[in-house]
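Working notes for the structure below.
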Amino acid sequence: MAALLLPSEILSMSAQAARRLVESGDGDGALLYLALLECGGDEAKAAAALRWDAPRLGRTLERLAALGLARSGGPVPAPTAPAPEDSASPEYTRGEVAEALEREPDFKALYREMERTLGRVFTDNDLKCLYTLYDYLSLPSEVILTLTGFVIREERRQRNSPGYLPRMPRIQREGFRWKRLGADTPERAEEFLRLQERVDRREWAVLSAVGVAERRPAVEKEREFIAKWVEAGHSDALIRLAYERTVYQKGGMNWPYMNRILERWQQAGWRTPEQVKAGDRPPKRQESRPGKAGPASCQPSDESIDENTEWLKKFLESQQKGG
């Protein structure tokens, strides 16, 4: 009989990480990466689960770091992998949520803290949204409170309204996004927030590089692409060149197309506009030189002409003598 897979029993791995592990052929690396995911990035717990000694752990971590799947002396980075879809979330009944409040003290404490944070009494729909985050997505209470604070700051920034408080459906939607991004533990949530701080510092510079003239906050999809580019370490100059190539090919800005350009350059190892231009330049045609082998000029040499002339002269003389 197949084992029942509950949300909390599912590990998320990005397709990119899987490809790197498969292409490396490193069995120890794959085992350690899975163990780190299961242990929340705790190297000691992963080594204990695998029953590895320190030298084996250190060697394997170094190989994972070379693949970009771990940091030297630090935990494995948060994976990016799909989570359950928002549209597929269960429809909890009022009775199910009321029962959870009675039998799960942690959920009850979270519910009271969320009411205090958002400054209102929760409706039945608010409670269902909160229970979806807690039960269906299996997000820890600490992560739910952290993402709620993040949504509050983002909504106030987007709306330019210092006192605005978002509704629970908006927080639930953000919870699904965090799950997809792998920010589903306190450690990964903190790492995600550090990335968002870097995105905040670069946001307007990137928007300017892609032709946005009027200063404004990035919308959600724009910010997702900007976060990818910031995390990949792309400079403003490289982003500007990718934008110019995009406009030339598409006649205007196209975020997915531009993202594919930057991904292709990253795979090729091009980190600067100079490297891109050098890599895109067609190879020089080799000019043929007299006396050199290869596909040089089709014109015969002087020596070849003299030899053919002498041969023809002798041939005609022999024909005349033969009658």
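The values are calculated or read from the model by the stated rules, or taken from the named source; none is laboratory data. Treat the numbers as computed from the prediction; the structure is a model and nothing was measured. Note: ideal-geometry Cβ built from the backbone for every residue, glycine included; neighbour counts use all protein chains shown.
Before moving on, here are some points about what is shown:
- Checked across the stretch 108-116, the condition of being of a type in the set (Lys, Arg), surrounded by fewer than 15 Cβ atoms within 10 Å (Cβ to Cβ) and in contact with a Leu (Cβ under 6 Å, 6 or more places away or on another chain) holds for at least one residue.
- Scope the stretch 122-175; condition closer than 25 Å to Glu203 by Cα and touching a residue at least 40 places away in the same chain (Cβ under 8 Å); matching residues: Val143, Thr146, Leu147, Phe150, Arg157, Gln158, Leu165, Pro166, Ile171, Gln172, Arg173, Gly175
- Scanning the stretch 27-53 for residues that are surrounded by 19 or more Cβ atoms within 10 Å (Cβ to Cβ) and charged (D, E, K, R) yields one hit, Glu43.
- Yes/no for Ala83 being at pLDDT below 95, in a helix (DSSP H, G or I) and touching an Asp or Glu at 6+ places or on another chain (Cβ under 9 Å): no
Yes or no, residue by residue, for (1) assigned to a helix (DSSP H, G or I); (2) of a type in the set (A, V, I, L, M, F, W, C); (3) on the phi > 0 side of the Ramachandran plot; (4) surrounded by 15 or more Cβ atoms within 10 Å (Cβ to Cβ):
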{"site": "Ser138", "(1), (2), (3), (4)": "no, no, yes, yes"}
{"site": "Val151", "(1), (2), (3), (4)": "yes, yes, no, yes"}
{"site": "Ser161", "(1), (2), (3), (4)": "no, no, no, no"}
{"site": "Asp184", "(1), (2), (3), (4)": "no, no, no, yes"}
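- Tabulated pairs, the stretch 226-240, first within 17 Å of Gly211 (Cα to Cα), second acidic (Asp, Glu), C-beta under 8 angstrom, 6+ apart or interchain: Ile226/Glu203
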